[in-house]
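Everything below concerns the one structure shown next.
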Amino acid sequence: MINGAGGRWLVAALAASAALTSGCTGSVDTDELPGVYRNDATGGEMLLESDGTFSATDVSTDESAGPADFSGRWEFVDSSSSSDFIYLTVDDGGLGRTGGVQLYPSGRGAVEFRAPDKSPSLVLTRVAAP
C-alpha cells in the first residue's frame, strides 16, 4: 500500500505517464510509409504509393465486412490528441461509403485497420518490393 504525499505523487505520475503513452506507436517517418503491405493469412494487400494514391486488394476494413478491392488517395494525419493514422479517401463505389477509412501504423513495417477501443480487424505487414 502506498501512503503519504509521496505515494500519492507517485501514483499520479504513473497515471499521467500511462495516459500520455497509451496509443503512442512511436515516431512515424512518412517517407517510409509508401510500399506494399500484405496479410499472408487472408491474402489482403495494400499498396501505398509515394504520390499519395493507394490501392487495396481483398482487404476487409472491419470485422463485419467481407474482403473488397478499393482505391483512392491517402494522407498521414499527425494527431496530437490521439493515435496518428493514415486517412484513406476511398474513390466512389469502392466500399459503398461516402467517408474515408483510417489505417493505423503499428510499429515499424506494419499497418492495421481497427475501430476505436477494439483489437485490429486486419494487420498488414510491409513486404519487400518485387
Picking from T98, T89, the residue that is open to solvent by 40 Å² or more (accessible area, probe 1.4 Å) and either basic (K, R) or modelled with pLDDT of 75 or more (or both) would be T89
Among the residues of region 26-52 satisfying the criterion of being of a type in the set (S, T, Y) and either on the phi > 0 side of the Ramachandran plot or loosely packed, with under 15 Cβ neighbours inside 10 Å (or both), which is modelled with the highest pLDDT?
-> S50
Taking strands (runs of 3 or more DSSP E) that fall entirely within region 35-77, which contain at least 2 residues that are over 15 Å from the mean Cα position of the chain (by Cα)?
-> 53-59, 68-77
What are the residues in region 68-83 that are open to solvent by less than 30 Å² (accessible area, probe 1.4 Å) and at pLDDT 85 or above, if any?
-> A68, F70, G72
Considering each of A65, A56, A129, A110 in turn, give the residue that is modelled with pLDDT under 80, open to solvent by less than 50 Å² (accessible area, probe 1.4 Å) and of a type outside the set (D, E).
-> A65
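The values are calculated or read from the model by the stated rules, or taken from the named source; none is laboratory data. Everything numeric in this text was worked out from a predicted model, so none of it was measured. As a convention, Cβ positions derive from the backbone with ideal geometry for all residues, glycine included, and neighbour counts pool all protein chains shown. Please note that ligands, DNA and RNA were not included when accessible areas were found on the heavy atoms of the full protein model with its side chains. Shrake-Rupley method; radii C 1.70, N 1.55, O 1.52, S 1.80 Å.
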